[in-house]
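Structure first, commentary second.
The values are calculated or read from the model by the stated rules, or taken from the named source; none is laboratory data. Model, not experiment: these values are computed from the prediction. Quick reminder, even Gly has a Cβ in these numbers, built from the backbone with ideal geometry, and neighbours come from all protein chains shown. SASA here: full protein model, heavy atoms, side chains in, ligands and nucleic acids out. Shrake-Rupley method; radii C 1.70, N 1.55, O 1.52, S 1.80 Å.
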Amino acid sequence: SNIEQLLDYGNVNITVITDRDFFHKFDNIPVKLVDASTLDVNEFNEKSQMDKEYRKGFWESCSKRLFLIQKYMENNNIKNVIHLENDVLLYCEADELYGKIPDKSKMYVVVDSEVRGIPGIMYIPDHQVLGLMTYNYDWGKNDMENLYLAWRKFEEIKLFPIYHMGNNDFQEKISESFCEFGCVFDGAAMGQYLGGIDIRNLDDLNKNTIGFVNETCVIDYSGNEFYWVNISNM
């Protein structure tokens with residue numbers, strides 16, 4: 001669904017880093033496939049303390065992908081990357097988003113609380129800036145915690161806005177670039193409010209969780225009205 005959405009909005013130059021065993025799932029889909037095993041992330045493999053059992057290594061993989069992206073960009077001198085998790089939908093052409101980025105030498109990420117960032121969407125100018133995070137990784141913390149810590153530590157990391165205004169200093173900080181972008185970015189809470197949470201996190205698979213208010217995000221989206229607008233028949 002993620003790739004179909006990108007293609008519907010005219011996006012090209014889509015790269016997927018994955019295990020070769022999954023290449024067949026992308027037959028007849030116009031993407032560039034990169035075999036993850038060809039990228040040297042041995043330091044991560046040796047030092048990571050993330051859970052390797054839960055959901056076939058979910059937490060391990062969440063952190064590892066950042067190292068894979070950094071190594072791929074370094075090996076191929078790739079610049080100006082927009083990284084999307086595979087359950088994130090981009091409602092525009094990537095070039096349009098790129099054009100709104102105030103400082104294209106900085107990395108832009110989503111932070112939704114004072115404990116975590118959400119790597120669902122990231123703008124990465126080059127491998128050196130992403131390396132500020134990967135080379136200073138806290139091996140005992142997950143990807144979200146490390147992303148937050150990197151933002152707090154390095155001025156080269158800036159924020160995508162998750163709201164249009166704030167009621168306190170922290171909310172103001174994570175909303176301050178709204179005017180430049182003219183839109184908001186969802187870390188998790190907005191999608192959870194509109195569509196409910198992942199049923200894999202429920203004891204009762206039939207429970208309706210639409211309207212769920214994320215307990216961590218500093219913005220409560222339940223006080224807003226949401227509606228769809230059809231633009232250019234997209």
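Results, tabulated for the structure shown:
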item	result
Solvent accessible area, Å² - residue 21, 1.4 Å probe, full protein context	120
For residue 81, distant residues with modelled amide H under 5 Å away	124
The range 22-123: GluC sites (Glu not before Pro) in DSSP coil with no more than 13 other Cβ atoms inside 10 Å	53, 85, 114
Under 19 Å from residue 153, Cα to Cα: aspartates and glutamates that are on another chain or at least 8 residues apart	103, 112, 114, 126, 138, 143, 145, 169, 172, 176
Spherically averaged projected area in nm², based on the convex hull that wraps the Cα atoms of the range 41-116	7.1
Diffusion coefficient, µm² s⁻¹, Stokes-Einstein with Kirkwood Rh over alpha-carbon pairs of the range 164-234 at 25 °C and 0.890 mPa s	174
GluC sites (Glu not before Pro) restricted to the range 126-216 and DSSP loop, no more than 14 other C-beta within 10 Å	155, 176, 215
Restricting the range 81-170 to chymotrypsin sites (Phe, Trp or Tyr not before Pro) in coil, as DSSP defines it, with at most 15 other Cβ within 10 Å	91, 135, 139, 154
Cross-link pairs beyond the 31 Å C-alpha cut-off, checked among 71/100; 106/141; 106/207	106/207
Two-decimal Rg/Rh across the chain, once Rg and the Kirkwood Rh are taken from alpha-carbon atoms	0.94
Where the range 8-76 is the region considered: accessible area per residue in Å², 1.4 Å probe	65
Radius, Kirkwood style, for the range 63-167 when every pair of distinct Cα atoms is counted (Å)	14.1
Largest-first principal axis extents, alpha carbons of the range 111-234, Å	42, 38, 34
Contact order normalised by residue count of the range 1-146, Cα under 8 Å, 6+ apart, percent	26
List 29, 231, 14, ordered by accessible area with a 1.4 Å probe, largest first	231, 29, 14
Residues with amide H under 5 Å from that of residue 159, placed H, sequence gap 5 or more	109
Carbon and sulfur %, accessible surface of the range 93-234 computed with the full protein complex present, 1.4 Å	47
